[in-house]
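Student: The structure follows.
The values are calculated or read from the model by the stated rules, or taken from the named source; none is laboratory data. The structure displayed is predicted, hence computed values, not measured ones. Cβ sites come from the backbone with ideal geometry, for glycine too, and all protein chains shown count toward neighbours. Heads up: the accessible areas ignore ligands, DNA and RNA and are worked out on the full protein's heavy atoms, side chains in. Shrake-Rupley method; radii C 1.70, N 1.55, O 1.52, S 1.80 Å.
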Amino acid sequence: MQMPTSTVDDAEVAKFQAMAEEWWDPDGKFKPLHMLNPCRLDYIVAQIAAEFGRDPKAARPFEGLRLLDIGCGGGLLCEPMARLGATVVGADAAERNIPVARIHAEQSGLDIDYRHTTAEAMAEAGEQFDVVLNMEVVEHVSDPLAYLTACRQLLKAGGLHICSTINRNPKSFAMAIVGAEWVMRWLPKGTHEFTKFITPDELFALLREAGLDPVDRKGFVFNPLGWSWSISDRDLSVNYVTAAVKPGQ
């Protein structure tokens with residue numbers, strides 16, 4: 001398969017450009033991500049620790065691992081990964097996100113390599129990582145298979161790819177679009193397009209076609225009564241996350 005120069009959807013990037021200054025405001029437009037972040041981190045840490053035989057209770061358990069957060073936004077995942085000892089590169093196609101992320105990392109005393117670039121450009125340059133985080137991005141690109149193929153190329157043999165996205169069904173439309181955008185107004189209307197949502201089975205098929213071996217999938221479940229998120233083995237009806245490895249040693 002011939003890789004496109006980029007799977008970036010300019011209209012999608014523009015949405016996040018407009019919100020760039022609010023990345024670190026826990027009550028701003030990215031409030032849903034701030035609420036979800038502890039749950040995402042729990043899953044990511046557990047998967048990396050298991051794949052690479054690390055003790056998550058150690059001071060810097062991911063020392064020596066090179067990690068890419070593609071679609072890093074303001075750095076909500078990059079910073080905790082850096083604190084856990086990983087060498088972190090954060091990449092985003094929305095140019096305005098990068099200075100916001102850099103400034104916050106500097107203020108936090110963290111050394112993170114932030115870049116305005118794409119997965120395809122980094123793959124073409126021969127970049128290699130032990131871990132690629134691909135969180136809430138695949139539903140915003142123009143060609144999911146080509147994008148996931150670039151993510152696979154960015155991994156070393158035996159590397160770990162973690163990808164989260166939104167299921168496609170009436171419940172996900174009600175919660176991710178009607179609830180989050182229209183009712184709660186956590187996100188501007190039009191942030192998500194229902195037709196771009198991907199079911200777990202579709203994502204597993206795409207990961208395999210891209211050359212990755214899926215090994216796990218879980219749901220991120222929001223409890224409106226407790227106003228909290230949890231990880232579920234069974235409920236993948238709205239938000240969910242997958243883990244896959246690149247074959248080889």
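Student: When the helices in the chain are scored as -39500 (n - 2.57) per DSSP H run of 4 or longer and the sum is shared across all residues, what 222 nm value do you end up with, to the nearest 500 deg cm²/dmol? Before the final figure, lay out the partial values.
Tutor: Numbers: 7 runs with 73 residues, N = 249.
Using -39500 (n - 2.57) per qualifying helix, the result is -8500 deg cm²/dmol.
Student: Still on this structure: How large is the accessible surface of Val215 in square angstrom, using a 1.4 angstrom probe and rounding to the nearest 10?
Tutor: 90 Å²
Student: Gaussian network model of the chain, Cα springs within a sub-10 Å range: biggest mean-square fluctuation belongs to which of Met81, Met135, Met35?
Tutor: Among Met81, Met135, Met35, the largest mean-square fluctuation in the Gaussian network model of the chain belongs to Met35.
Student: Oh, and also: Rank Gln128, Gln107, Gln153 by mean-square fluctuation in a GNM of the chain with C-alpha springs under 10 angstrom and give only the top-ranked residue.
Tutor: Gln107
Student: How many angstrom lie between the C-alpha centres of the range 34-57 and the range 81-142?
Tutor: Here the answer is 18 Å between Cα centres.
Student: How much accessible surface area, in Å² rounded to 10, belongs to the heavy atoms of Thr195 with a 1.4 Å probe?
Tutor: 110 Å²
Student: May I pose another question? Using a Gaussian network model on the chain with a 10 Å cutoff between Cα atoms, which of Ala119, Ala49, Ala59 fluctuates the most?
Tutor: Ranking Ala119, Ala49, Ala59 by mean-square fluctuation puts Ala59 first.
Student: Quick one: grab the alpha carbon gyration tensor of the range 11-246, order the square roots of its eigenvalues as a ≥ b ≥ c, and give me rounded if a/c is under 1.5, else prolate or oblate depending on whether a/b is larger than b/c.
Tutor: Numbers: a/c = 1.30, a/b = 1.17, b/c = 1.12.
It is rounded, given that a/c, with a ≥ b ≥ c, falls under 1.5.
Student: Counting DSSP beta bridges in the range 11-246, what percent are antiparallel, to the nearest 5? Provide the component values of the computation, followed by the final result.
Tutor: On the way: 19 of 37 bridges.
Roughly 50 percent of the beta bridges in the range 11-246 run antiparallel, per DSSP.
Student: Whats the longest run of the chain with zero trypsin sites (Lys or Arg not before Pro) that are DSSP loop and have at most 12 other Cβ atoms within 10 Å?
Tutor: Numbers: sites that count: Lys57, Arg185, Lys189, Arg234.
Between the exposed loop sites, the longest stretch runs 58-184.
Student: Quote the relative contact order of the chain in percent (integer), defining contacts as alpha-carbon pairs under 8 Å separated by 6+ residues. Present the calculation step by step, with values, prior to reporting the outcome.
Tutor: Working: 485 pairs, mean separation 46.7, N = 249.
It rounds to 19 percent for the chain.
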